[in-house]
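All remarks here apply to the structure that follows.
The values are calculated or read from the model by the stated rules, or taken from the named source; none is laboratory data. The model shown is predicted, which means the values in this text are computed figures rather than measured ones. Here the Cβ positions follow ideal geometry from the backbone for every residue, glycine too, while neighbour counts run over all protein chains shown. Ligands, DNA and RNA are stripped out before the accessible areas are found, and what is left, the full protein with its side chains, is counted by its heavy atoms. Shrake-Rupley method; radii C 1.70, N 1.55, O 1.52, S 1.80 Å.
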Amino acid sequence: MIKKMGERGSVKGFFWLFILVAVVFVGISFSKPYYRYYTLGSHTRDFLKTEVGDIGAIRKNSMDNAAELQVPLDEKNLEVAVVQKIIKVKATWSETVDFWGYYQKKIDFVMDEEY
């Protein structure tokens, strides 16, 4: 008996492979902004633990780390304050995840670290 192409399930296999690749792509696209968010928070916490009490140095370090990680953080969205020997750093920014121009998702981030 001769089997046809569809009977062996190769079309079904290609379909599932396409679905798997699409899911992996979406996962990677959404994970990049969150990775940058957590990494910037970690770098900020580590710098605050060095006990450098200079607000200017903390602000400069945070902006340098944001630029290195390609976080779209503006100087006006970064607040550094010292309240009773507690240093508080708050930063807000938004990133847009784009799927080939068909779908865009805006993600808002708020980093609030203190030491």
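Structure data summary
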read-out	value
Length released on extending from ARG59 to LYS88, taking residue separation times 0.36 nm less the Cα-Cα span	9.3 nm
Accessible surface of the chain, 1.4 Å probe, proportion on carbon and sulfur as whole %	59 percent
Cα-based Lys pair tally, the chain, threshold under 25 Å, eight or more apart or on separate chains	23
Extended-chain gain in nm, criterion 0.36 nm per residue less alpha-carbon gap, GLN70 and GLU51	4.3 nm
Hz values of 3J(HN,Hα) by residue in segment 17-31 - Karplus curve (6.51, -1.76, 1.60), Gly and Pro given as x	5, 4, 4, 5, 5, 5, 5, 5, 4, 5, x, 5, 5, 7, 7
Heavy-atom surface of the chain, accessible at 1.4 Å and reported per residue (Å²)	74 Å²
Inter-probe distance in nm under a simple model that places probes 7 Å from Cα toward Cβ, at TYR115 and ILE28	3.4 nm
In Hz, Karplus ³J(HN,Hα) per residue of segment 97-106 (6.51, -1.76, 1.60; θ = phi - 60°; x = Gly, Pro)	8, 10, 10, 6, x, 8, 9, 10, 10, 8
Sequence-separation-based contact order of the chain, relative, with Cα cut under 8 Å and 6+ spacing, percent	21 percent
